[in-house]
1. Using label points projected 7 Å from each Cα along Cα→Cβ, tell me how many nm separate Ala21 and Ala57, to one decimal.
2. Apply the Kirkwood formula to region 16-74: the hydrodynamic radius equals the inverse of the mean of 1/r over all pairs of different alpha-carbon atoms; give it in Å with one decimal.
Amino acid sequence: MEFYRKGANAFTDQYSDGKAARVWEKYIGGTERRTEQYKRWVIDLLRDNACHHVLDAACGTGSIVTVVREFVTYGFKIP
C-alpha cells in the first residue's frame, strides 16, 4: 500500500487497491438488495424519530450516496 504524507503525519490509504470494498461486498452482500433494505430501514428510523434533515458523512465504499440523494423524494432535507 502507498503512504501519503500530510504535514508530519503519514497514513496508509486502505482503499486504494479496492480490497476493502471487495471484502465489504462479500460480508455485507450485494449492493442492490442491501441498498433497498438499508433505504427502507433508514427512512423508517428517521420518520420514527421525527427527523427532517439528513447529513451523509462519507465513510465506506460510497454505495449509499445514491440512497441519500433519494431521501429528498421522501420529504427529507439534505444540507
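Every read-out reported here was derived from the displayed coordinates using simple, explicitly stated rules and does not represent laboratory data. As the structure is a prediction and not an experimental result, all values here were calculated from the model. Reconstructed Cβ throughout: ideal geometry from the backbone, glycine too, with neighbour counts over all protein chains shown.
1. My value for the distance between the label points is 2.4 nm.
2. Final number for the Kirkwood radius of region 16-74 is 12.7 Å.
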